[in-house]
1. Do you know the relative contact order of the chain, to the nearest whole percent, from alpha carbon pairs under 8 angstrom that are 6+ apart?
2. Report the charge-dipole magnitude of the chain in Debye, nearest 20, computed about the Cα centre from +1 at each Lys and Arg Cβ and -1 at each Asp and Glu Cβ.
3. Hey, can you rank 41-49, 442-450 by average C-beta count inside 10 Å, highest first?
4. Mind ordering 91-97, 76-82 by average Cβ neighbours within 10 Å, highest first?
5. At 1.4 Å probe size, with every protein chain present, just tell me what the per residue accessible area of segment 42-158 comes to in Å².
6. What does the extension gain come out to for residue 359 and residue 383, with contour length at 0.36 nm per residue minus their alpha carbon separation?
7. Work out, step by step, the length gained on full extension between residue 40 and residue 213: first 0.36 nm times the residue separation, then minus their alpha carbon distance; give nm to one decimal.
8. Determine the sum of side-chain charges near residue 137: Lys and Arg each +1, Asp and Glu each -1, restricted to other residues whose C-beta is under 11 angstrom from that of residue 137.
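The values are calculated or read from the model by the stated rules, or taken from the named source; none is laboratory data. Given the structure is predicted, the values throughout are model-derived calculations rather than measurements. A quick note on method: Cβ atoms are made from the backbone with ideal geometry, for glycine too, and the neighbour counts reach across all protein chains shown. In case anyone asks, the SASA skips ligands and DNA or RNA and just uses the protein heavy atoms, side chains included. Shrake-Rupley method; radii C 1.70, N 1.55, O 1.52, S 1.80 Å.
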Amino acid sequence: MRSWVLVVWVALSACSHKSSSPPAPPNRTPVVALRNAPLTTTPLQAGTGDIGAAAPTLPLGIGPDGSWVALCQARTDTDGVPGLSVRTGYHGDLSGDRMVPYFVRGGGLGIGIDRFVASSRGGKYVAFIRANQLVLFESSGGTTSVLPNADLRGARALGGPAALSFSFDGTRAVYFRPTREGASVVIRELATSKEREVVLPRGIPLGVDFDNTGPWARLDVVTEDSDHDGALKLPEVKADLPVASACAGPAVSYSTFGFQGDRPTQMWLRIDTGEVVESPSLVRPVNEGLLMRAEDDTILFGTETIIPASCHAMVKAVFPDPLRVIALCKGDQRELPVELFGPGFHLETKATLNPSFERPVELMDTPLYCSAYNGCIDVRDGKLTDLHGATYRGRHDNAMYLEIEGDKGGFAFLDNTRGTYRAFAGKGLQVLGEHQLVADNQLVEIETGKVLGKFADAPMFLDAQGRGLVSAPIAPESPIPNGPLRWVSASASPP
């Protein structure tokens with residue numbers, strides 16, 4: 001593992017604070033009031049028994065409480081070859097009998113849907129498209145409601161998640177409606193059935209992406225005929241991955257090659273007021289403030305210089321309190337040093353990133369900036385995090401998920417906030433749930449490491465009760481399991 005290595009100096013007020021002409025204020029739409037928007041609810045009958053049919057199966061989404069499952073199944077022979085079979089390509093493409101998405105409450109065959117869209121954190125709310133309508137399912141009451149006049153153009157071009165997004169805390173949903181001028185953004189308060197409807201200044205909405213923390217969401221909207229063909233149209237991603245397909249197999253790898261069509265404009269939506277902020281100089285909002293880029297490339301927060309113009313910064317992420325901006329300064333190298341900036345603060349590291357790797361500027365909800373290549377650093381003070389010789393692989397709740405290298409291998413969870421480190425040396429992780437995991441077919445409590453039981457076969461998912469979702473054995477020639485699916489409990493472990 002290569003770790004973050006810091007330069008020996010930490011320079012306070014190291015940035016040049018020369019004056020720069022501030023960027024023009026961004027365009028802002030007015031705050032929008034909430035209005036009552038009750039929906040007609042229809043009960044969705046809960047089935048019993050096994051989930052789905054005896055057919056090739058690909059799960060799409062699972063309720064953490066086990067109350068619902070969205071899946072694709074090939075229930076009908078459509079290729080003329082006797083029997084039901086589906087094959088997967090290297091990039092997730094499917095061949096053989098046609099797979100169709102279904103939504104199952106409880107058990108049984110469920111209902112056919114056009115495509116699965118998303119579920120809220122915790123799984124209480126689910127969105128899917130059925131009969132060309134956007135449908136909201138509420139799991140505790142078992143009811144469905146149609147979200148009227150939803151704009152589904154983004155879902156058809158780029159897949160289901162473009163139709164609706166749930167906020168990180170699961171309390172709001174954002175979707176779109178077409179208007180005479182273009183489209184509007186609808187912010188729905190899920191608990192109260194109230195909505196704010198924000199008319200966009202122009203364009204066709206492509207999708208919305210919520211921050212993990214704070215009141216903002218990023219809107220991607222096609223506003224200009226950037227390919228000069230005389231019409232506004234949604235972009236088509238050029239990739240060897242079936243991006244827009246309702247059903248796709250597991251991809252071993254994939255590549256993207258840009259897009260075809262009009263380039264989207266980035267706007268920012270404040271979800272608690274309905275205000276839309278737009279400016280070509282806006283790097284991103286940070287809670288109550290705006291991080292802006294001046295004409296000379298100075299990065300400003302309000303009127304304060306955060307990164308000097310000489311850096312020509314490529315901003316990667318922002319931590320809000322204390323303000324830290326993670327950036328690369330322009331250079332000719334293939335890999336550029338990662339630098340930390342803040343008010344009166346600059347720290348350069350020997351960690352590097354490839355500047356050609358682009359992604360939206362992240363608002364961090366943790367002070368640890370991590371990668372498998374460089375390890376983890378606390379952006380507040382630049383201190384390295386001790387990963388106990390392991391490699392960072394991702395986050396699980398508030399902990400870091402680490403891979404233990406060496407002869408025995410294994411994995412671990414490190415929670416810096418609580419000061420806990422739980423290692424599973426020599427174990428092979430199979431399924432990761434919220435509070436339990438499955439390793440070597442054993443059900444294990446993450447916090448204590450206690451073995452709770454054992455499964456005969458490794459499940460595909462775990463629910464909140466520690467039950468595993470299993471299926472018929474996987475066919476030797478295909479990674480696609482056969483249905484029906486079934487929730488099973490692990491056999492009790494001896495005391």
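1. Computed value for the chain: 14 percent relative contact order.
2. Roughly 660 debye for the chain.
3. On the way: 41-49: 12.6, 442-450: 16.2.
Those peptides, ordered most packed to least, come out 442-450, 41-49.
4. Order by mean packing, descending: 91-97, 76-82.
5. 42 Å²
6. Length gained, residue 359 through residue 383: 6.1 nm.
7. Numbers: separation 173, 0.36 × 173 = 62.28 nm, distance 3.15 nm.
Working it through step by step, the gained length comes to 59.1 nm.
8. +2
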